[in-house]
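Colleague: Structure provided below as structure tokens; questions to follow.
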């Protein structure tokens with residue numbers, strides 16, 4: 001049976017909404033793939049809705065808050081400022097995945113951002129999330145400076161772009177893409193159908 005891959009960036013509130021529901025929507029484990037959303041935006045010649053017109057930003061944030069409550073999640077607490085620069089956080093995510101703590105780090109970082117309102121642009125906040133995920137903060141700090149980790153994140157982002165990923169969260173099953181936290185059920189249904197076909 002094919003496996004679902006979840007492309008995410010810890011700066012995305014919609015990735016948070018999706019990540020919190022993966023285990024309930026999918027019966028089998030989902031592979032988490034860190035990517036740099038900022039780099040994806042550049043590759044696709046677009047920007048975040050959160051950086052656009054103030055009214056669009058307000059409406060978008062209100063929609064995230066509405067969905068969180070509808071999903072039974074705690075009220076969203078927004079980091080200030082938001083969005084920020086999450087490159088270090090995503091390099092840490094890349095390292096965490098290599099160490100077998102990818103799910104734990106993603107969960108801790110996304111909850112830190114959108115349940116606790118912590119700014120993951122700040123190195124100390126990234127390292128706190130890493131510690132909460134069971135990682136040694138000093139090793140994470142060292143790893144996020146490692147050229148190999150930097151390259152791994154860049155290559156993963158380029159590969160996602162080549163596949164057709166233009167934003168997060170995106171679920172990929174083979175070459176079929178499902179973008180948005182509201183497409184999880186569609187992705188899970190597609191995955192089940194692929195398993196039956198094979």
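The values are calculated or read from the model by the stated rules, or taken from the named source; none is laboratory data. Bear in mind that the values here come from a model prediction, so they are computed numbers and not experimental data. Cβ coordinates were reconstructed from backbone atoms using ideal geometry, including for glycine residues, and neighbour counts include every protein chain displayed.
Colleague: With the checklist (1) surrounded by fewer than 22 Cβ atoms within 10 Å (Cβ to Cβ); (2) touching a helix residue (DSSP H, G or I) at 6+ places or on another chain (Cβ under 8 Å); (3) more than 18 Å from residue 97 (Cβ to Cβ); (4) in contact (Cβ under 8 Å) with a residue 12 or more places away in the chain in hand, flag the one item residue 56 doesn't pass.
Modeller: The number of the failed condition is (4).
Colleague: Scan region 85-114 for residues that are part of a loop (DSSP other than H, G, I, E, B), out of contact with any helix residue (DSSP H, G or I) (no Cβ under 8 Å at 6 or more places or on another chain) and crowded, with 16+ Cβ neighbours inside 10 Å and jot them down. Please lay out each step first, then the result.
Modeller: First pass over region 85-114, keeping only residues part of a loop (DSSP other than H, G, I, E, B): 85-86, 99-101.
With the extra rule that they be out of contact with any helix residue (DSSP H, G or I) (no Cβ under 8 Å at 6 or more places or on another chain), the set shrinks to 99-101.
Matches in region 85-114: 99, 101.
Colleague: Just the residues that are more than 17 Å from residue 60 (Cβ to Cβ), modelled with pLDDT of 95 or more and not in a helix (DSSP H, G or I), please, taken from region 12-34.
Modeller: 20, 21, 26, 30, 31, 32, 33, 34
Colleague: Same structure again: Taking the condition touching a helix residue (DSSP H, G or I) at 6+ places or on another chain (Cβ under 8 Å) and either free of Cβ contacts under 8 Å to residues at least 24 places away in the same chain or farther than 20 Å from residue 37 by Cα (or both), does residue 73 pass? Give the steps one after another, and end with the answer.
Modeller: Numbers: touching a helix residue (DSSP H, G or I) at 6+ places or on another chain (Cβ under 8 Å): yes; either free of Cβ contacts under 8 Å to residues at least 24 places away in the same chain or farther than 20 Å from residue 37 by Cα (or both): yes.
So residue 73 fits the description; yes.
Colleague: In region 160-186, how many are in a strand (DSSP E or B), in contact (Cβ under 8 Å) with a residue 24 or more places away in the chain and farther than 21 Å from residue 47 by Cα?
Modeller: So the count comes out to 2.
Colleague: Which ones in region 35-53 are in a helix (DSSP H, G or I) and out of contact with any helix residue (DSSP H, G or I) (no Cβ under 9 Å at 6 or more places or on another chain)? If you could, list the steps in order and put the result at the bottom.
Modeller: Here is the first cut: in region 35-53, the residues in a helix (DSSP H, G or I) are 37-44, 49-51.
Within region 35-53, 41, 42 meet the criteria.
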